[in-house]
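Undergrad: Below is one structure. I have some questions about it.
The values are calculated or read from the model by the stated rules, or taken from the named source; none is laboratory data. As the structure is a prediction and not an experimental result, all values here were calculated from the model. We place every Cβ from the backbone using ideal geometry, glycine too, and count neighbours over all the protein chains shown. These accessible areas exclude ligands, DNA and RNA; they are computed on the full protein's heavy atoms, side chains included. Shrake-Rupley method; radii C 1.70, N 1.55, O 1.52, S 1.80 Å.
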Amino acid sequence: ADNVSLRLHWLVNGSTVAFYLGLERGYFKDAGINLTINEGKGSMIAAQVVGSGSEQFGTADAVSIIQSEAKGMPIKAIMTIQDVGALGVLWSKTSDIKAMKDLKGKRMGVTAGDALTQQWPVVAESNGLTKDSVNLAYMDGAAKPVSLLNGQVDAILGACIDHVVLLESKGFPVQCQRFADYGVPTVGVSLLTNENLIKNNPDLVKRFVAASVKSYKAFYEDPQAALDAAVRARPDIDRKVVGGQAELIKAYYSAAASGRIDRAKWQSTVEVMKKTGVLSSDRPFDSYFVADFVQP
Amino acid sequence: MTYNRGAKSTQALQETSLTIRKGEFVSIVGPSGCGKSTLLKMVSGLLRPTSGTITVDQKVVQAPVTDLGIVFQSPVLLEWRTVLQNVLMQVELRGYPKSAYHDRAVELLTAVGLRDFKDQYPHELSGGMRQRASIVRALIHDPPLLLMDEPFGALDALTREQMRIDLENLWMSRPMTVVFVTHSLDEAVLLSDRVVVMSPRPGRVEQIINVDMERPRGLGARANPVFEAATRTITEIFLSRGVLQGGGFARH
Amino acid sequence: MTYNRGAKSTQALQETSLTIRKGEFVSIVGPSGCGKSTLLKMVSGLLRPTSGTITVDQKVVQAPVTDLGIVFQSPVLLEWRTVLQNVLMQVELRGYPKSAYHDRAVELLTAVGLRDFKDQYPHELSGGMRQRASIVRALIHDPPLLLMDEPFGALDALTREQMRIDLENLWMSRPMTVVFVTHSLDEAVLLSDRVVVMSPRPGRVEQIINVDMERPRGLGARANPVFEAATRTITEIFLSRGVLQGGGFARH
Amino acid sequence: MSEFAVTSGTWRVPNWLSSAWQRIGGFVVAICAILVIWQAAVTLLSIPEYILPGPRLVLEQWAANLPTLIANGSATASVIFLGYCAAIAVAIPLALSIAFFPVVARTIYPGIVMLQNVPKIAIAPLFIIWFGFGLLPKLLVVFLLAFFPIVVSSIAGFSSINLEIVDFARTTGASAFRIFRKVRLPAALPHVFVGLRIAATVAPTAAVVAEFVASDKGLGYLLLRYNGDLNTAMSFATIITLAIMGVSLYFIIELAERLIVPSRGTASGSATGT
Amino acid sequence: MSEFAVTSGTWRVPNWLSSAWQRIGGFVVAICAILVIWQAAVTLLSIPEYILPGPRLVLEQWAANLPTLIANGSATASVIFLGYCAAIAVAIPLALSIAFFPVVARTIYPGIVMLQNVPKIAIAPLFIIWFGFGLLPKLLVVFLLAFFPIVVSSIAGFSSINLEIVDFARTTGASAFRIFRKVRLPAALPHVFVGLRIAATVAPTAAVVAEFVASDKGLGYLLLRYNGDLNTAMSFATIITLAIMGVSLYFIIELAERLIVPSRGTASGSATGT
Ligand SMILES: Nc1ncnc2c1ncn2[C@@H]1O[C@H](COP(=O)(O)OP(=O)(O)OP(=O)(O)O)[C@@H](O)[C@H]1O
Ligand SMILES: Nc1ncnc2c1ncn2[C@@H]1O[C@H](COP(=O)(O)OP(=O)(O)OP(=O)(O)O)[C@@H](O)[C@H]1O
Ligand SMILES: [Mg+2]
Ligand SMILES: [Mg+2]
């Protein structure tokens, strides 16, 4: 069997418990793969680790994958996990904010340098807001939900899965609007690998993708089983939080269970990125992924 | 007087009683380690006995006495100040205007042969020069009480003689009480109204010798029978107590 | 010999030439600050002249001499070691077996009256006791060359006399070269084969006085006309050069 | 007239054990006071748990999750320990060469100062790229943060020795190494320990930073997880575990100081004699 | 026979200016060496830019973005400066009271040690919640990280004074404050400066951490942005700016030390005279 390691884009959460299920059920073993799952510290790091060749596969946000490739990292996206990015704006259901445009004059918690903050100007523009019409309060990522809970800010930029679960678990009636639904369509978490691996061992990549797709299908059928598998592997994860994420992900993404790479969505992702200025490369949009590893 | 270190304690002084009168010149002599420095520190109030008293000028010493000048056995100069700055430290700490004492400092430094060295740092001086600097520091503010712990110990015979004469002149020129620790019996007798003779460790005041001689006691005073008598008495006290108990340096 | 500090330099010694013979007892006397300690450090090789030479036992001194025992003017003890451990430091640094020297250390400490203090730390000793400890440290390994810088300066007259006699006995009992800095002319004459008399600062060797007297030179030797003559000669040299230039302590 | 005696007026206690007890006593009192005030504040002001959990809740959670904390704590402890030892092993010889070789002082030292001013936290992600996810990048972060205080203090220590003592040592013909071991090192130790203490408080923070960036175990990993889950009570429990580890290291260093640094026989009454 | 003279064998130079030049000389050489090796490595091994940008690229970017770096750098500099000054202002009186009042040493000091072992980086997000978005949380982070080295070193300094000198001072009847100012403080200063130097290298890192947590300006903010854009060259340029600021602070402290700390008239030849 091939020894393979997978670097997640973050600590294990709802979007990645599927791999633990596949591992536990032997989907990877059946594909001749001896898999190690490593938790991660950000999409960029996952991309870099795979790009440097020290690990074979990774999960990362499509935006990060494109950015890293454009910088010359030898990586490619090979499977879609979330066909629409989960990034969005969160506020309280009880506040007077009902839609994006109501953010005018409000105070919003953001974190410098992250994808949310990079995309925000385009979202704002698409919704009739100007650069200065929302007061941005810069803060650490971990501080955002607390300051929303605490009323120090009226809204935050966040993920419409993780943050929703987190805030609801604290009894906070949260409303989340995805950027994707407000004119900034991007692809979300995807599976990636190293170009050299594609060249030298396409069969392994194919088998890995197949086992991953199988894992996700099984996950959408029974999120609780995936959660149990993850908890058995990592006993210190919070069942309530990760379980909530898993349920939400099922609700949002089960339609994309095939893992198919949607060219149109990647194209719009690249366009959004060019518009936000984080991408200056003129490479064609379809050079960032290899679509044919996912069997129809 | 006992020094404590945890369970261990060193008795530095036995039952000791000492009364010093105003304007008097008292010397303390005694074998090394008998407690002279300890006694002097008690006179200054820096060390305080829990029982027993030291009386200076009819006042019992309790807190550190401040209208004094003191010369410790080692020079105790501030390494980061020049000789002149060290001397003026006395004045600065007392909050007196420094400028008013500058000329006097230079005068005294000249008197002890350190004028050329006033801007040097202590580590650039010879042992005897450091000692002389600390003597000047004790004199700069004209204190009414002067405590000196072997102040001339590192000086050559001639310089020593000169400074002894200078000290006597200073003492005669204005009212001042002096307590003077020395190993030189000559010096003690030539300078003092009374010589306190201490017994070996742990010491106590063995005897107090009055020296009735006219002043100034110049170079010729050594021929004075009073001088001879006093010196002989002290020497005899010392001899009667013996000194080192060891058997010399040679191997046994 | 010049001490440099940036642009400033202090001339510590003038043209000086000194030859010390094997087995000889040489004393150095001279006014405070004339360069005795500097000269002694040059004899030990710790300070090196760029020009001129010091010859000890027909060898020119270049690197630090190591088969010697040295007593500095200040005791220079390690604060964190007891008296005994300080003495044994000499042996440890030389890599000799410590146990072989333990008894000798106690013997010597007894000889200088420090047996009861062997386990105390330097800061718990009186000034004279510290000095005695450093003398023992210089003797513990029976060095063929002994350099002493005012070793008895902080001792009372009796202890000093005793230790002088002990030192002479040690020197007579086995071949040893001694260079001895002192302010006591008595001591210099009573101990030495030759007395080096230095002129005031910046010093140089003014004269070398031979002292031809039979040994041991006990207490009675002071009556010897040779003693008297030598002492007088040295005193005269001193007097002819004068000492302090100042005008005494009194205000002008 | 009776004998003079001086009462001991200083607070030092001669042997380290009883002194350690005194310290622990004061410490316990201080801790208790803080806990009481903290609980009172949380209860009276009804501060929400995610902003500031009360000490009772934190302790409950701490006790409930002790096995997890211990397992991850020991991972962090080994990072701290190894990085700290590496820092000592490099810093002291380096300080020596800086103190005694002008060339080193002039060329390498400014480089080290420069290096020290690079925020390790900012480049820690690069460490992963350069050195992978293993132990190495973590050790490196601890090492880099801990070694500088030791270097600076040791330089001060090695430069502050009484030159006449070295003169004496040179007359014995002892090798430079022996003089170092018997004279220079003991004289410098009190200063070196100043650096060791500062480094002891830096090392745990450094380990956590390293684990933030590159670890799937350790207290830093737990912290990241609990922070993400808004589990402030467990974050606090983790921080307290870390603080306990840090304080232990600190007091181990202090104990080592008492045992290793040559005492001068802590005297009382000598010159103060109240 | 000619006069004896001792050649100066030590490397210290009497006045701080020429010495500063000597240092800067060595520094420049060291920096150049590093740059050359770095560029060579990047070019020869053709290391991709996102892993390690070459110095040429970094310098180009640095020059191109200088106005941004200066604007944000000055924001960071003021955080560093204010936090550092606050640390000094608190640490030195605290060290004094710990050195002289046993009660303080026994109760407060262990608490401070404990506090010091709490990873400030882990609780920094809470600072925003507790203290808002302004300058305060940032100053607090710098303050908390910088003050401990100063405390530890100053305690060592205030405890190491020659007691006989204090005895002398007491005979003058000078107030405790004057004795402190004229005797204890100058004697302790070399030790205090050890802590100030260590703190000087800690402060810039602390400021960046603080800005990571809560800022819309400053070098920490820039770093987050450039990291987010995978703009490694500009990240390096920012880090270098920060390092330059840190090194400047360090050498300002060193200069202050030379000006403030009473010299003993740096002598040569005294006891070494090679
Ligand atoms: N700080 C101290 N701690 C413990 N014991 C001490 C301390 N200072 C002095 N002693 C002891 O007290 C005794 C008297 O010491 P002191 O210094 O008063 O003697 P001294 O007469 O001045 O001797 P010397 O002529 O040698 O200076 C000695 O036995 C000494 O060991
Ligand atoms: N480290 C130094 N730096 C500069 N000058 C020095 C240094 N050491 C000594 N000197 C100077 O050298 C001269 C001789 O000093 P030295 O210590 O040799 O005198 P000494 O004869 O031993 O005097 P004393 O009898 O007072 O001990 C003095 O003028 C002194 O100021
Ligand atoms: Mg004494
Ligand atoms: Mg001398």
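Undergrad: Take the alpha-carbon centre of segment C:147-195, take the same for segment D:93-133, and report the distance between them in whole Å.
TA: 56 Å
Undergrad: Now for a different question. Relative to the compact globular guide of 2.2 N^0.38 Å, what is the alpha carbon radius of gyration of segment D:141-221, as a ratio?
TA: My calculation over the Cα atoms of segment D:141-221 gives 1.54.
Undergrad: So how many Å³ per residue does the convex hull of the Cα atoms of segment A:1-76 work out to?
TA: For segment A:1-76, the hull spanned by Cα atoms encloses 80 Å³ per residue.
Undergrad: Taking N as the number of residues in chain A, what is its Cα Rg relative to 2.2 N^0.38 Å?
TA: 0.98
Undergrad: Order A:283, C:21, most accessible first, counting only protein heavy atoms with a 1.4 angstrom probe.
TA: If we order A:283, C:21 from most to least accessible, we get C:21, A:283.
Undergrad: For B:119, B:212, C:166, C:57, write out the residues from largest to smallest accessible area, computed with a 1.4 angstrom probe and no ligands counted.
TA: Details: B:119 75, B:212 130, C:166 10, C:57 50 Å².
Result, largest first: B:212, B:119, C:57, C:166.
Undergrad: Sticking with this structure for a sec: Looking at chain A, which longest stretch skips every one of the trypsin sites (Lys or Arg not before Pro) that is in a DSSP loop with at most 16 other Cβ atoms within 10 Å, leaving the sites themselves out?
TA: A:1-92
Undergrad: Could I ask something else about it? In the calculated pair distance distribution of segment E:25-97, what percentage of Cα-Cα distances lie above 22 Å? Present the calculation step by step, with values, prior to reporting the outcome.
TA: Details: 1439 of 2628 pairs.
Roughly 55 percent, rounded to a whole number.
Undergrad: Run the dipole for segment E:54-260 about the Cα centre, Lys and Arg Cβ at +1, Asp and Glu Cβ at -1, nothing else charged, and hand back the magnitude in debye, nearest 20.
TA: For this selection, approximately 460 debye.
Undergrad: May I pose another question? Might you work out the accessible area of residue D:60 for me, using a 1.4 Å probe with all protein chains in place, and round it to the nearest 10 Å²?
TA: We get 90 Å² for residue D:60.
Undergrad: Okay, next question. Treat each spin label as a single point 7 Å out from the Cα along the C-beta direction, and report the residue A:106 to residue C:224 distance in nm.
TA: In this crude label model, residue A:106 to residue C:224 measures out at 11.0 nm.
Undergrad: Quote the relative contact order of chain C in percent (integer), defining contacts as alpha-carbon pairs under 8 Å separated by 6+ residues.
TA: Relative CO of chain C lands at 27 percent.
Undergrad: A follow-up question, please. 222 nm [θ] for chain D, helices only, -39500 (n - 2.57) per DSSP H run of 4+, per residue, to 500?
TA: -26000 deg cm²/dmol
Undergrad: Now for a different question. In the full protein assembly as shown, how much of residue D:191 is accessible to a 1.4 Å probe, in Å² to the nearest 10?
TA: 40 Å²
Undergrad: May I pose another question? Return the distance in nm (one decimal) between the two label points of a simple spin-label model at residue D:60 and residue D:85, each offset 7 Å from Cα along Cα→Cβ.
TA: 4.1 nm
Undergrad: Taking the alpha-carbon distance from residue A:131 and a cut-off under 24 Å, which lysines remain once sequence neighbours fewer than 8 residues away in the same chain are dropped?
TA: Within the straight-line cut-off, residue A:131 pairs with A:98, A:101, A:104, A:106, A:144, A:274, A:275, E:217.
Undergrad: Output the antiparallel fraction of DSSP beta bridges having both residues in the protein assembly as shown, as a percent to the nearest 5.
TA: Antiparallel: roughly 45 percent of the beta bridges in the protein assembly as shown.
Undergrad: While we're looking at this one, here's another question. To the nearest 0.05, what FRET efficiency results for residue D:74 and residue D:47 with a Förster distance of 41 Å applied to their C-beta separation? Don't skip to the answer; put the middle values down first.
TA: Values: r = 33 Å, r/R0 = 0.80.
Once rounded, the FRET efficiency stands at 0.80.
Undergrad: Defining a contact as two alpha carbons under 8 Å apart and six or more residues distant in sequence, what relative contact order in percent does chain D show?
TA: Relative contact order of chain D: 29 percent.
Undergrad: May I pose another question? Please report the base-10 log of the normalised intensity I(q)/I(0) for segment A:162-296, using a Debye sum with one equal scatterer per alpha carbon and no solvent, at each q in 0.10, 0.11, 0.12, 0.18 (1/Å).
TA: Here the Debye-derived log intensity ratios amount to -0.46, -0.55, -0.66, -1.21.
Undergrad: In units of 2.2 N^0.38 Å, what is the alpha-carbon radius of gyration of chain B?
TA: Here the Cα radius of gyration is 1.04 times the empirical estimate.
Undergrad: Report the Stokes-Einstein translational diffusion coefficient (µm² s⁻¹, integer) for segment E:35-139, Rh taken as the Kirkwood radius over Cα pairs, at 25 °C with viscosity 0.890 mPa s.
TA: Approximately 135 µm²/s, per Stokes-Einstein.
Undergrad: While we're here: Using a 4.7 Å cut-off between beta carbons, which cysteines in the protein assembly as shown end up with no partner cysteine at all?
TA: B:34, C:34, D:32, D:85, E:32, E:85, each lacking another Cys Cβ under 4.7 Å.
Undergrad: What FRET efficiency would be calculated for the residue pair residue B:103, residue B:66, taking the C-beta separation as r and a Förster radius of 25 Å, to the nearest 0.05?
TA: Efficiency, from the Cβ-Cβ distance: 0.55.
Undergrad: Also, quick follow-up: For the protein assembly as shown, treating each Cα as an identical point scatterer without solvent, what Debye log10 I(q)/I(0) comes out at q = 0.07, 0.08 1/Å?
TA: -0.81, -0.95
Undergrad: Then there's this: For segment A:187-236, take the convex hull of the Cα atoms, compute a quarter of its surface area, and give me that in nm², please.
TA: With the hull built on Cα positions only, its mean projection is 4.9 nm².
Undergrad: Same structure again: If Lys and Arg each add +1 and Asp and Glu each add -1, what is the summed charge of the other residues whose beta carbon sits under 11 Å from the beta carbon of residue C:109?
TA: Details: positive: C:104, C:115, C:118, C:132, C:137; negative: C:103, C:107, C:116, C:119.
Surrounding charge for residue C:109 is +1.
Undergrad: Please express the Cα-Cα pair-distance distribution P(r) of segment B:113-252 as a list of whole percents, one per 10 Å bin, running from 0 to the bin with the greatest distance.
TA: 10, 34, 33, 18, 5, 0
Undergrad: Measure of size requested: the Rg and Dmax of segment B:77-142, with Cα atoms as the atom set and Å as the unit; please supply both.
TA: 10.5, 30
Undergrad: Can you pull the mean other chain C-beta count within 10 Å for peptide A:165-178?
TA: Numbers: counts 1, 5, 1, 0, 3, 4, 0, 0, 0, 0, 0, 0, 0, 0.
Mean shielding by partner chains, rounded to a whole number: 1.
Undergrad: For segment C:78-192, take the alpha-carbon Rg, divide it by the Kirkwood Rh, and send me Rg/Rh.
TA: Details: Rg = 13.8 Å, Rh = 14.5 Å.
We get a ratio of 0.95 for segment C:78-192.
Undergrad: Follow-up question, since we're still on this one. With the Cα gyration tensor of segment B:146-221 in hand, convert its eigenvalues to equivalent ellipsoid semi-axes via √(5λ) and list them largest first in whole Å. Present the calculation step by step, with values, prior to reporting the outcome.
TA: On the way: eigenvalues 85, 46, 29 Å².
So the equivalent ellipsoid measures 21, 15, 12 Å along its semi-axes.
Undergrad: If you take the beta carbon distance between residue D:162 and residue D:115 as r and set R0 to 45 Å, what does 1/(1 + (r/R0)^6) give as a FRET efficiency, to the nearest 0.05?
TA: Computed FRET efficiency for residue D:162 and residue D:115 comes out at 0.90.
Undergrad: Taking the alpha-carbon distance from residue B:59 and a cut-off under 22 Å, which lysines remain once sequence neighbours fewer than 8 residues away in the same chain are dropped?
TA: Within the straight-line limit of under 22 Å, residue B:59 reaches these lysines: B:22, B:36, B:41.
Undergrad: Express in Å², to the nearest 10, the accessible area of residue E:32 obtained by rolling a 1.4 Å probe over the protein heavy atoms while all chains stay in place.
TA: 70 Å²
Undergrad: Also: Taking H placed 1.01 Å from N in the peptide plane, check which residues at least 5 places from residue A:97 or on another chain put their amide H under 5 Å from its amide H.
TA: none
Undergrad: I'd like the distance between the alpha-carbon centres of segment D:222-241 and segment A:69-101, rounded to an integer number of Å.
TA: 26 Å
Undergrad: Which whole number gives the average, over all residues in D:37-45, of C-beta atoms from other chains lying within 10 Å of the residue C-beta?
TA: 0
Undergrad: Which of the aspartates and glutamates could a cross-linker bridge to residue A:71, judged by Cα under 20 Å and excluding same-chain residues fewer than eight apart?
TA: Of all the aspartates and glutamates, those that pass the test against residue A:71 - Cα under 20 Å, at least 8 places apart if same chain - are A:55, A:61, A:114, A:195, A:271, A:282, A:286, E:49, E:60, E:229.
Undergrad: To continue, here is another question. If only Cα atoms are counted, what is the Rg of segment E:54-260, and what is its Dmax, in Å?
TA: Both quantities, over Cα of segment E:54-260: 20.0, 68 Å.
Undergrad: Quick check: with the 1.4 Å probe, what order do E:50, C:3 take by accessible area, largest first?
TA: From most accessible down to least: C:3, E:50.
Undergrad: Quick one: if you stick a label point 7 Å off each Cα along the C-beta vector at residue D:29 and residue C:173, how many nm between them?
TA: It works out to 5.9 nm between the two label points.
Undergrad: Over segment B:77-142, what is the relative contact order in percent, taking alpha-carbon pairs closer than 8 angstrom and at least six residues apart?
TA: Once normalised by length, the contact order is 50 percent.
Undergrad: Another question, if that's okay. So which GluC sites (Glu not before Pro) in segment A:178-287 are both in a DSSP loop and have at most 16 other Cβ atoms within 10 Å of their Cβ?
TA: On the way: sites: A:195, A:221, A:247, A:271; in loops: none.
Answer by residue number: there is no such site.
Undergrad: Take the rotation relating chain B to chain C, measure from its axis to every Cβ in chain B, and name the nearest residue with the distance in whole Å.
TA: B:153, 3
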